[in-house]
Amino acid sequence: QSSSSAASDVYKRQLTPGTHGTTFGGNPVACAGAVEILNRIDDAFLQSVREKGDYIREKVAQFPGVKAVRGKGLMIGIDLTDKKAGAVATRCCEAGLLILTAKSALRMLPPLTITYPEIDKGLSVLEKVLAE
């Protein structure tokens, strides 16, 4: 066995799905975008992010099969009563909603610029999937 295939076996065990993701990746284009966003953030923008997060958490807490909803701003975690987060995320994706998992929870990380109609559209998909 060559050393390169032995190394990849080691890394396959260490770099499991979800452990090697990155938001910006450090490339120049992503960093330039991040700097531009940081220059645009002000108190009013951050307040709108908090309000959108509160809106989502209040709605999701009423959905069937939801045990708890937590988060800050638009970083939202959803604990389910009896369904597996991975199965729900797969069904949501099939129905047009990209949602993540974090261990046994669903994880929502919508863009900070998301609109209320976009939020409602996504929440509609999630609610239907949870009701299945």
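The values are calculated or read from the model by the stated rules, or taken from the named source; none is laboratory data. None of the values given here were measured: they were computed from a predicted structure. Positions of Cβ are generated from backbone atoms using ideal geometry, with glycine treated the same way; all protein chains shown enter the neighbour counts. SASA here: full protein model, heavy atoms, side chains in, ligands and nucleic acids out. Shrake-Rupley method; radii C 1.70, N 1.55, O 1.52, S 1.80 Å.
Odds and ends about this structure:
- Ligands, DNA and RNA left out, the 1.4 Å accessible surface of the chain is 57% carbon and sulfur atoms.
- The string of couplings for the range 83-93 from the Karplus curve (6.51, -1.76, 1.60, θ = phi - 60°) is 8, 7, 4, x, 5, 5, 4, 5, 5, 4, 4 Hz, one whole number per residue in order, with x for Gly and Pro.
- In order along the range 51-60, phi translates into HN-Hα couplings of 5, 5, x, 4, 4, 5, 4, 4, 5, 4 Hz, rounded to whole numbers, per the Karplus curve 6.51 cos²θ - 1.76 cosθ + 1.60 with θ = phi - 60° and x for Gly and Pro.
- Relative contact order of the chain, pairs being alpha-carbon contacts under 8 Å that are 6 or more residues apart, as %: 19
- Helix content alone sets the calculated 222 nm mean residue ellipticity of the chain: runs of n ≥ 4 DSSP H residues at -39500 (n - 2.57) each, divided across all residues, give -17000 deg cm²/dmol.
- When the Gaussian network model of the chain links Cα atoms closer than 10 Å, the mean-square fluctuations of 73, 33, 96 top out at 33.
- Cα gyration tensor category, rounded, prolate or oblate, for the chain with a/c compared to 1.5: oblate
- Projecting the Cα atoms of 44, 81, 124 onto the dipole axis of the chain, where Lys and Arg carry +1 and Asp and Glu carry -1 at the beta carbon, places 81 farthest toward the positive end.
- Accessible surface area normalised per residue over the chain is 69 Å², counting heavy atoms of protein chains with a 1.4 Å rolling probe.
- Within a Gaussian network of the chain (alpha carbon springs, distance under 10 Å), most fluctuating of 115, 81, 16: 16
- Residue-wise HN-Hα coupling along the range 62-72, computed from phi with Karplus coefficients 6.51, -1.76, 1.60 (Hz; x: Gly, Pro): 8, 6, x, x, 9, 8, 7, 10, 9, x, 9
- Among 86, 26, 53: highest mean-square fluctuation, GNM of the chain, C-alpha pairs under 10 Å: 26
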